[in-house]
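For reference, the structure discussed in these notes is given below.
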Amino acid sequence: MRTAVLLLILLPPMVAQDLCKESKDGFKVRLSIKTALGDKAYEWNKSEMFLFQSTLAFAMRIHANRSNQETNYNIANILVCNDTQRVSFVFVVTSPDDPTQPIPKEQVERAVRLSKHRINNAFLLSDMTLEFVGIPPTLAAPIKYDTPPWLIVFGVVMGAVAVGIMALLMSTVSKRRRAKDKAAGFAEEDGGIVKENGTSLSSLKGKDGVYNQAFSSDERFTQL
Amino acid sequence: MDTTSEASSAQERPKWDNKVQYLLTCVGFAVGLGNVWRFPYLCQIYGGGAFLIPYLIALVFEGLPLLYLELAIGQSLRKGSIGVWHSISPLLGGLGVASMILSFLVGLFYNTILAWVLWYFFHSFEDPLPWSQCPVNDNNTGLVEECVISTPVNYFWYRQTLNISPGLETSGSLQWWLVLCLASAWSIVYICFIRGIETIGKAVYVTATFPYLVLTIFLVRALTLPGATDGLLYLFTPDWSLLADPQVWLDAATQIFFSLSLAFGGLIAFSSYNPKKNDCERDAVFVGCINSATSLYASIPIFAILGFKATSNFNACVDGNILDLTNAFDIEERNITAENYEHWLLFLNSSDPDRVSGLKLKHCVLQNFLDQSASGTGLAFIVFTEAVIEMPGSQVWAVLFFIMLFSLGLSSMFGNLEGVLTPLLDLHVVPGWMPKEIFTGLICALSFLVALIFTLGSGNYWLEIFNSYVGSVPLLVIAFFEIIGVVCFYGIKRFSDDIEFMTGRRPNLYWRVCWMGISPVMLLVVLVAYVAVQVQTHPTYPAWNPQYEKFPEPEVKPYSDWVFAVCVLLSSAPVLSIPAVAVYRLVRRQTRSPTGHSYPNPYSNQNQDPNPYSNPAFTADERIQTFKAL
């Protein structure tokens, strides 16, 4: 009688341990608290483990809610074993209706992925430092810009260059116009002098003159 | 044609505002990207401090004489490269044409490199830097595979910048973002060049001095980074045994030669705008020494930063191993550190060797990381960008670095473009109604259109081809004929007379010995050796092919026949103009009556309608002024 009672009391934890160790539906979890928090790292103890079990039960409840299944997961349904100094352990989730029946791996994976952000935050960790071996982290969606920033910088630079080119070309045009006005002014003066002299320079072609052979390339005259 | 403008164009050659502009422009032309990304690499692979010996010997016996020669003939004959060589001897007119073609071709691919620098510069304002992490793939399940296998930096360069094709056969399409960057690069070059040396002279105040400022900032920052001293020791530790290798001497000679930007015609053009009485000997020594000093000065921060990068990579490697061991054996965190790693490894290996070997731990050696050297675009866009990610305040350093590269390249582009424009302007190819600004714009637009080749998927491969085949042998050939032309056709005595007029003293024994003997011999030896080394191996190129089984290693492919034909064409086209023009002139001489000697006739006007009002003998020429001074 006494042995039967003893067996009844001791059986569930023993069964639970076996379920945790041998189940293929278990996941290994690894925490790197010191890497994440440095000096502010907390110590891993039974209370932290309790928090883990409750967070996971929470994650299972959320997931079950989504798919409209029974939601009375409890801490007792999260079995933990193989606790190491690394801070790594294995856990198995059992069904709330039948504690000997583990929840399939895929379901647990979906539940964890759904609430990973909440689980991370409960422990002040990140996807890199709280690893579920076998569950890839959901990557943050890349930031989508309306205009990529590089186009903005490009626009600014090109705008400045275009303005500069325009300005320089305009100033060149106005310079030429001024030079042309000056040249026109000289031409009038020349015409005036010719008229004043009375000499008929109409035989000359314009004001270019005629090539006078006497002044051709003759080194003697320039070697002063 | 308006006579006043014709008269003014015949008389008024543009002038430098002051000597500083001229010197800065020449220094800017000589100091280019190669000083930053080629010299440190050569120093590293050829035994550090020992490399300085062949380098300085090459500078003294090859670089400085050639530099002095180019500056002197430009200043005395006062024309661009085509005009100058035509004045020396009509048979040598082809030298100028060769220089012009060369400057054009080099300008094409050089500005494409600047376009890439601009692309990186535009992206340096993003947080986080886009080359620091892999992008997420299309269905958000993981990172892009090509990026994960190689590195984020490599992925950003090869895929997101170049969108490189697997080989030369696949041309791919025009990459619109590169076209935009190329357009901005050419626009910036145009705006600096729009009025010739008037605007260049102002631009070089910034572009020639800014790189020194940035290098100093980097120097101060780099020396405070961990691992900097490792990098510097690695760079400068001399390995004297390498001096016996002729390859070292060959590379030193070619490096000095290409670094000083000789044979492009740009230096001749710049010095042609000088007043006639200018001490070009001092200018030449100044520019040559500053160029080499800059190379040395630039290699210090570069190698300090590379040492820092090697140390970071080494630490990451060791940390990766530590994490693997900690996870596999469930040891408490932080128990294994970098210091006791070896001890732990021995202990674990003795207790469970199978599991340890199953982990495939990496063998981390600092020397291996230091040996990962690179030159050229690999240094700037892969190695350096990776180092910048590790530095705190990465955006600032990235922006500074790429602005420095851009101004280094821009001041060299001025020389390239000047080597194209000045001969064309001197030849009066420009129709009279076209202002210089429009003509410059047309040249820039034409270069932009041709350079679109480099924005294709296979553009980088083509750029490497241009770089190796255009920017090497033709330059050596042209320089060799330049020296022969001055020494044999013009005559050292006449040249010394010109120099005496310009500087006030005859060139001393060192210059004459170099011009008449040492430099031509050295150039010929270098040319022959270079060609001999090139023809020994069938040329291959590394291709970035994600489908390659050993990816991310580059797939080494040989050039196909038509590509090889293009390479040979690129090498020979500039050079062929030398004999072509010589033959043409000889033929013309035979078919006409002899025109007399080829001395530059100071009274020969270019226009057919000589105007006594524009007789050069009566212009405000320095010659008259010297008589007045007597």
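A short reminder: the numbers here are calculations on the coordinates, not readings from a lab. In this text, all values refer to a predicted model and were calculated from it rather than measured experimentally. Cβ: placed from backbone, ideal geometry, glycine included. Neighbour counts: every protein chain shown.
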Relative counts (whole %) of C-alpha pair distances in the protein assembly as shown, using bins that are 20 Å wide: 12, 36, 26, 15, 7, 3, 0, 0
Charge dipole (the protein assembly as shown, unit charges on Cβ, about Cα centre) - positive-most of B:ALA228, B:THR199, B:ASN467: B:THR199
Simple label model, 7 Å out from Cα along Cβ direction - B:VAL513 to A:ALA184, nm: 6.6 nm
Charged-residue dipole, Cβ positions (Lys, Arg, Asp, Glu), the protein assembly as shown about Cα centre, Debye nearest 20: 2180 debye
Partnerless cysteines, meaning none of the other Cys C-beta atoms lie under 4.7 Å away, in chain B: B:CYS26, B:CYS43, B:CYS181, B:CYS192, B:CYS280, B:CYS289, B:CYS444, B:CYS488, B:CYS514, B:CYS567
Violating pairs (Cα-Cα greater than 25 angstrom) within the set A:LYS182/B:LYS276; A:LYS21/A:LYS46; A:LYS180/B:LYS15: A:LYS182/B:LYS276
Length added when fully stretched, B:ASP127-B:HIS363, from 0.36 nm per residue minus Cα-Cα: 81.6 nm
Cα-based reach from A:LYS116 at 16 Å (exclusive), listing aspartates and glutamates while leaving out same-chain residues under 8 positions away: A:GLU106, A:ASP127, A:GLU131
Reachable lysines, given that their alpha-carbon falls under 28 Å from the alpha-carbon of B:LYS550 and they are not under 8 places away in the same chain: B:LYS309, B:LYS360, B:LYS362
Other protein chain Cβ atoms within 10 Å, averaged over every residue that makes up B:189-197: 3
Given charges at beta-carbon only (K, R positive; D, E negative), |dipole| of segment A:9-132 in Debye: 360 debye
Per-peptide average of other Cβ atoms within 10 Å, ordering B:516-523, B:566-573 highest first: B:516-523, B:566-573
Unit charges at the beta carbon, dipole of the protein assembly as shown: most positive-side option, A:ALA179, B:PHE109, B:PRO558: A:ALA179
Interatomic Cα distance distribution for segment B:228-356, bins of 10 angstrom, percent: 10, 21, 20, 16, 14, 9, 7, 3, 0
Residue order, fewest to most beta carbons within 10 Å, for B:LEU348, B:LEU182: B:LEU348, B:LEU182
Residue-by-residue Karplus 3J(HN,Hα) for segment A:169-174, coefficients 6.51, -1.76, 1.60, Hz, glycine and proline x: 5, 4, 5, 5, 4, 5
Inter-label distance for B:THR337 and A:TYR42, nm, one decimal - labels placed 7 Å from Cα along Cα-to-Cβ: 2.6 nm
Stretch gain in nm, segment A:GLU106-A:SER174, where the contour uses 0.36 nm per residue and the Cα spacing is subtracted: 16.7 nm
Size of charge dipole - segment B:196-339 - debye, nearest 20, with Cβ of Lys, Arg +1 and Asp, Glu -1, no other charges: 1000 debye
Under 17 Å from B:LYS436, Cα to Cα: aspartates and glutamates that are on another chain or at least 8 residues apart: B:ASP2, B:GLU6, B:GLU12, B:GLU198, B:GLU418, B:ASP426
Efficiency of FRET from Cβ geometry, B:THR216 and A:PHE58, R₀ 51 Å, rounded to 0.05: 0.30
Under 14 Å, Cβ to Cβ, from A:LEU130 - net charge with Lys/Arg +1 and Asp/Glu -1: +3
Shape category assigned to segment A:9-132 from the gyration tensor of Cα positions, a/c cut at 1.5: oblate
Two-site label geometry, B:VAL535 and B:SER171: point separation in nm, points 7 Å out along Cα→Cβ: 3.1 nm
Local electrostatic count, B:ALA479, Cβ distance below 15 Å [Lys/Arg +1, Asp/Glu -1]: -3
Ranking of A:MET166, B:MET502, A:MET49 by count of other Cβ atoms within 10 Å, fewest first: A:MET166, A:MET49, B:MET502
Prolate/oblate/rounded call for chain B, Cα gyration tensor, a/c under 1.5 rounded: prolate
Fewest-first sequence of B:TYR205, B:TYR46 by Cβ atoms within 10 Å of each Cβ: B:TYR205, B:TYR46
Selection from B:ASN349, B:MET391, B:VAL420, by position along the positive dipole direction of segment B:342-428 (Cβ): B:ASN349
HN-Hα J in Hz across segment B:353-365 - Karplus 6.51, -1.76, 1.60, θ = phi - 60°, x for Gly and Pro: x, 5, 5, 5, 5, x, 6, 6, 5, 7, 8, 9, 10
Placed amide H near A:PHE27: partners under 5 Å, 5+ positions off or other chain: A:PHE91
Extension gain from B:GLU553 to B:VAL568, taking 0.36 nm per residue of separation minus the Cα-Cα distance: 2.6 nm
